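Chemist: Have a look at the structure that comes next, please.
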Amino acid sequence: MKLNVHFSPAQTDELYFSGKTSVVIDVLRATTTIVTALFNGAREVIPVNSIEFAMKVSGNAFGGQTLLGGERNTKKIEGFQLGNSPFEYSHEVVAGKSIILFTTNGSKAIVKAKFSENLYVCSFQNIQSVAQHLAELNKDVEIMCAGRVGSFCIDDTICAGKLVTEIQKLKEDVELTDSSKASVVLSKSYGKSIQKILAECEHGKLLIENGFEQDIAYCAKLGGMEIIPYFTGGMVKILSKPRNNEFHG
Ligand code: MLT
C-alpha cells in the first residue's frame, strides 16, 4: 500500500485520479464543514466548482430540499442560505437536506478528483474512521490537500501527515512517497498544538480577521465525528453510520 500526498490540486489534472483511491482534505474549512453537515443529518453534500453551477443545480432538483452553502473570500455568497462556517450546519438546519456547496478551494478539489474509483472526504474530526477504512481497503491512496488557490498550505498538510501516521499505526507494509514523508514530519512538528498552527497559518489569520476565530478551534478538534464521507454520483454521502449521535457543534 503506497500513500502519496498532493500539496495542492494544481499539481495534477482530473484524469490523473481515474481509477485511484483518493482523499480530499480542506481543514479550513470545507471538509470540516462537509463532515459536520453529514454528521448532523444532511442527506448529502453536492460539491460544485462554480457559483453559477450551484445556482443551476439548486434550481433544478431535489424537490425544494436543497440549501446553498459556501463562501467567497470566507463570507457567505449573496443568495445562498449558508456560509462555510461549520457552526451553521447544525442538525436543526441541515437534517434531511441536500447541501450544494461552493468554496474557494475545497469543493473544487473534490470536483477535481471526481474520476477516482473511491473518493473520501477527511478532516481532523473523522481522521480515525478514514484511516481505518483505508487500511482495510488496502489500496494505494492519493491524499489531496485543497491548499490555497493552487498553493501549499500547512493546515491541510498537517492533517494529511496525521492521516498517513494513523494508517501506518494500522498497517505494517505502508510505502510513503517523498511528499507523504514530508507531511508526516510537519505533522509531528506541529501536530501537538493543532489549534495554534491553524490560528497562525495564512488561511487561519484570514478567517480570524473576518470574525471566524471560533471556527479555528472547531476545525482543530481531533475525532468526535467518526463518519466516512464518500463521493458517489456527484454527491458526498456517509458510507458508514456515526458511532454515536452526539452533536459536536
Ligand atoms: C475553501 O474551500 O477555500 C475554504 O473552505 C474557504 C473558507 O475557509 O471559507
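The values are calculated or read from the model by the stated rules, or taken from the named source; none is laboratory data. The structure displayed is predicted, hence computed values, not measured ones. Glycine also receives a Cβ, built like all others from the backbone with ideal geometry; neighbour counts cover every protein chain displayed.
For (1) within 18 Å of Ile25 (Cβ to Cβ); (2) at pLDDT below 95; (3) of a type in the set (A, V, I, L, M, F, W, C), each residue gets a yes or a no:
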{"site": "Ile208", "(1), (2), (3)": "no, no, yes"}
{"site": "Tyr218", "(1), (2), (3)": "yes, no, no"}
{"site": "Glu246", "(1), (2), (3)": "no, yes, no"}
{"site": "Gly249", "(1), (2), (3)": "no, yes, no"}
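Chemist: Taking Ala42 and the conditions (1) away from the ligand (no atom under 16 Å from the Cβ); (2) among the hydrophobic types (A, V, I, L, M, F, W, C); (3) touching a Leu at 6+ places or on another chain (Cβ under 7 Å), which numbered condition does it fall short on, given that it satisfies the others?
Modeler: (3)
Chemist: Which count do you get for residues in region 1-40 that are farther than 22 Å from Gly211 by Cβ and among the polar types (S, T, N, Q)?
Modeler: Qualifying residue count for the region: 8.
Chemist: Could I ask something else about it? Here's a check for you: in region 170-194, which residue that is touching a helix residue (DSSP H, G or I) at 6+ places or on another chain (Cβ under 8 Å) and more than 18 Å from Cys145 (Cα to Cα) is surrounded by the most Cβ atoms within 10 Å (Cβ to Cβ)?
Modeler: Within region 170-194, the match that is surrounded by the most Cβ atoms within 10 Å (Cβ to Cβ) is Val174.
Chemist: Within region 68-101, how many residues are away from the ligand (no atom under 16 Å from the Cβ) and free of Cβ contacts under 8 Å to residues at least 12 places away in the same chain? Full working, then the answer.
Modeler: Taking region 68-101 first, the residues away from the ligand (no atom under 16 Å from the Cβ) are 79, 90-98.
Add one more test, that the residue is free of Cβ contacts under 8 Å to residues at least 12 places away in the same chain, and what stays is 92.
Of the residues in region 68-101, 1 are away from the ligand (no atom under 16 Å from the Cβ) and free of Cβ contacts under 8 Å to residues at least 12 places away in the same chain.
Chemist: Still on this structure, please answer the following. Is one or more of the residues making up region 197-210 more than 16 Å from the ligand (Cβ to nearest atom) and either in contact with an Asp or Glu (Cβ under 6 Å, 6 or more places away or on another chain) or free of Cβ contacts under 8 Å to residues at least 24 places away in the same chain (or both)?
Modeler: Initially, region 197-210 is screened for residues more than 16 Å from the ligand (Cβ to nearest atom), giving none.
Scanning region 197-210 turns up no residue that is more than 16 Å from the ligand (Cβ to nearest atom) and either in contact with an Asp or Glu (Cβ under 6 Å, 6 or more places away or on another chain) or free of Cβ contacts under 8 Å to residues at least 24 places away in the same chain (or both).
Chemist: If I go through region 124-142 residue by residue, how many of them are more than 16 Å from the chain's Cα centre (by Cα) and not in a helix (DSSP H, G or I)?
Modeler: 3
Chemist: Given (1) more than 17 Å from Lys237 (Cα to Cα); (2) assigned to a helix (DSSP H, G or I), where does Thr33 come up short, assuming only one miss?
Modeler: Among (1) more than 17 Å from Lys237 (Cα to Cα); (2) assigned to a helix (DSSP H, G or I), the lone unmet condition for Thr33 is (1).
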